[in-house]
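Structure record follows, encoded as structure tokens.
The values are calculated or read from the model by the stated rules, or taken from the named source; none is laboratory data. On a predicted model such as this, the values are computed, not experimentally measured, just so you know. All Cβ positions, even for glycine, are placed from backbone atoms using ideal geometry, and neighbour counts span all protein chains on display. Quick note on the areas: whole protein, heavy atoms, side chains included, nothing else; ligands and nucleic acids left out. Shrake-Rupley method; radii C 1.70, N 1.55, O 1.52, S 1.80 Å.
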Amino acid sequence: MICFTLSADTLEGVSAQVNRYRGCFDILELRLDLLRQDERERLVHDTASPAWAIGVPLILTFRRLSDGGAWNGDDTERLNYLSALVEQHAEGLVGEGLFLDLEDDVVAHDAGRKAADVAARYGGEIIRSRHVFDRTPEDPVAVLRELAGCGDPGEIPKLAVQVRGSRDLVRLVRAAIAWLDGMDAGDAGAGGAGEARDKRAIIVGMGAYGFPTRVLAPRIGSFLSYSSEPSKGREHVAPGQIDPRSMAELYRYRSLGPTTEVFGIIGNPVLHSRSPAFHNAEFDRKGRNAVYVPFPTDDVPAFRELMALLHIRGVSVTIPHKEMVADWFRAAGAEGASRAVGTAGDPGADVPAVGEASTELLAVGACNTVIRDADGRLVGANTDVAGFLEPLRSRVPELRDRGVTVIGAGGAARAVVYGLLSSGARVLVLNRTLHRAESLAGEYAKLGQVTAGALEPGSLPALRLHNDILVQTTSVGMQPDTDADPLAFYEFAGTEVLYEIIYTPPVTRLVARAKEAGCLVIGGEEMFLAQAKLQSDLFAQT
Ligand code: NAP
């Protein structure tokens, strides 16, 4: 279920939020602590239940400052308010499902006990919550068990934890799967002896690294996933949340379930990647029960454990992990393919074995795509090379003997230079740091004619011998630094083809100058789409 957390400070504001996202949520959470005091008073004294809350299940949450909320007052007052609110409105609201979020430490509090009893009297359910803001506990299953056992039978445990990195995410996902599998069935304290344990639990990974738990809630068995509306001065109610429309439409949350295949992108940062929009739309178009999720990743070996845990079928790889993932395949090649290589973080951890890699991946030393073969082994590819060449070849079909200047000598430049040399072009690499350009040229010298220079006016004579095509591969001119121009010292003649691989903004200062001079311009969007389409074809094979 997509839970929409209502964060407005007035009841009118709440109503407007509901209207803005109508159709994109399955359950609402009213954050009483975020309402103004006078609005809380109004709500508890109003005889009619609020119209926006009718027809949909509702969670009432009155969060303390210490649990990430806004209430800094007396706890008895807070809990008594909840009892009064349920008394006032339960009859009107309970038909659709009414839930009360109560923290585990108020289980023995008189007012907390009373709030739970009042809710139970009207058929409401209790969500028994705990928030851990500084870490993911060592044993999340033990915490879930505590939460499920501390109150009345049938309560729904909710554990929200800070995910500090990939290793925390592995631990949390492993716990969620274990909970769902009922590893500890019988000793959870809920359901009573001999009865099947109620497996409902809410598991939330907070922060960027926890983001996958929000989208994958139906896959890892979390009862619901929270979403909120971004607002000025604060992106979302909790870090890592997204809005209900993105959940419903971009990630097709309601079509996800325990058998949904998982794909994704690893990088850091990666939450603003455009790849999820592309690949989820492709899965939707093809009618495939699959989802593509960004995995902010700070520990590549840990992610490989996650691949095993979630049976991840394929991933895109982006900055800064392309080289490290390529190393899996280089090491496997050295040791003989098909062996599980690379050190996983936990000794003896279950990780998928490494299989074949494409020629481009091994030549460029960067991997941007990993899929599973029929035996579950990892297969590596680099679609940046073909993704770069495709839009160029549609304009310049024959690259042989063309003089090309590549600006930059980073990861993207490696794929570009390899693609150009393999096509017979003469290449000049210009880079701010000369020795990186020289080392790239030296490494690829056996593939064709390639020279290096510094990114400065002194390189103009060499540039003029390589100006049929100019390829801009640095991050200079990208948002937010859109006034920057890496080739300010060069004046276009108008006969050049300029290929700019940056796609935000779509028109960089360099692109504007080239267009003004009458050059043919290829934008980074085309390369992005071409490499993503090739990835999508690879995903279709797995
Ligand atoms: P990278 O490995 O970090 O390389 C960055 C390059 O930019 C290096 O050559 C670096 O020069 C140069 N650079 C950075 N700041 C500079 C400055 N102020 N002045 C001059 N040169 C500067 O990054 P990458 O993986 O190659 O990616 C580069 C860009 O390509 C990114 O913007 C990325 O989004 C884009 N890209 C687009 C696509 C697509 O599909 N369209 C695909 C891949 C990449 P030094 O060596 O001197 O540091």
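Does segment 514-535 include one or more residues that are open to solvent by 60 Å² or more (accessible area, probe 1.4 Å), in contact with a helix residue (DSSP H, G or I) (Cβ under 9 Å, 6 or more places away or on another chain), over 30 Å from Ala357 (Cβ atoms) and not hydroxyl-bearing (Ser, Thr, Tyr)? The answer is yes, given that some residue of segment 514-535 is open to solvent by 60 Å² or more (accessible area, probe 1.4 Å), in contact with a helix residue (DSSP H, G or I) (Cβ under 9 Å, 6 or more places away or on another chain), over 30 Å from Ala357 (Cβ atoms) and not hydroxyl-bearing (Ser, Thr, Tyr).
The listed residues are Phe283, Phe303, and the only one of them that is free of Cβ contacts under 8 Å to residues at least 40 places away in the same chain and either within 17 Å of Val379 (Cα to Cα) or aromatic (Phe, Trp, Tyr) (or both) turns out to be Phe283. Entry remark, segment 18-32: residues being under 23 Å from Leu65 (Cα atoms) and open to solvent by 10 Å² or more (accessible area, probe 1.4 Å) number 1 in total. Could we say that Gly410 is near the ligand (Cβ under 9 Å from one of its atoms) and under 14 Å from Pro486 (Cβ atoms) here? Spelling it out, Gly410 is indeed near the ligand (Cβ under 9 Å from one of its atoms) and under 14 Å from Pro486 (Cβ atoms).
All of Leu421, Leu428 fail the test of being away from the ligand (no atom under 16 Å from the Cβ) and buried (at least 21 other Cβ atoms within 10 Å of the Cβ), apart from Leu421. Screening Glu41, Glu96 for residues that are in contact with a Pro (Cβ under 6 Å, 6 or more places away or on another chain) and surrounded by fewer than 16 Cβ atoms within 10 Å (Cβ to Cβ) leaves exactly one candidate, Glu96. Hey, any hits in segment 493-502 for a residue that's among the small types (Gly, Ala, Ser) and within 9 Å of the ligand (Cβ to nearest atom)? Within segment 493-502 (the criterion being among the small types (Gly, Ala, Ser) and within 9 Å of the ligand (Cβ to nearest atom)), the answer is no, since none of the residues qualifies.
If you go through segment 452-492 and pick out every residue that is part of a loop (DSSP other than H, G, I, E, B), within 15 Å of the ligand (Cβ to nearest atom) and farther than 24 Å from Ser394 by Cα, you end up with 18. Scanning segment 503-542 for residues that are in a helix (DSSP H, G or I), closer than 14 Å to Gln472 by Cβ, within 11 Å of the ligand (Cβ to nearest atom) and of a type in the set (A, V, I, L, M, F, W, C) yields one hit, Met527. Of everything in segment 469-500 that is in contact with a Ser or Thr (Cβ under 8 Å, 6 or more places away or on another chain) and surrounded by fewer than 18 Cβ atoms within 10 Å (Cβ to Cβ), the residue that is modelled with the lowest pLDDT is Gln479. If you check Ala349, Ala381 for being of a type outside the set (Asp, Glu), at pLDDT below 95 and more than 13 Å from the ligand (Cβ to nearest atom), only one passes: Ala349. Of all residues in segment 100-113, those that are part of a helix (DSSP H, G or I) and either surrounded by fewer than 16 Cβ atoms within 10 Å (Cβ to Cβ) or at pLDDT below 95 (or both) total 2. Working only within segment 384-405, note down all residues that are open to solvent by less than 10 Å² (accessible area, probe 1.4 Å), within 19 Å of Lys533 (Cβ to Cβ) and either among the hydroxyl-bearing types (Ser, Thr, Tyr) or more than 11 Å from the ligand (Cβ to nearest atom) (or both). Hit for segment 384-405 is Leu392, nothing else.
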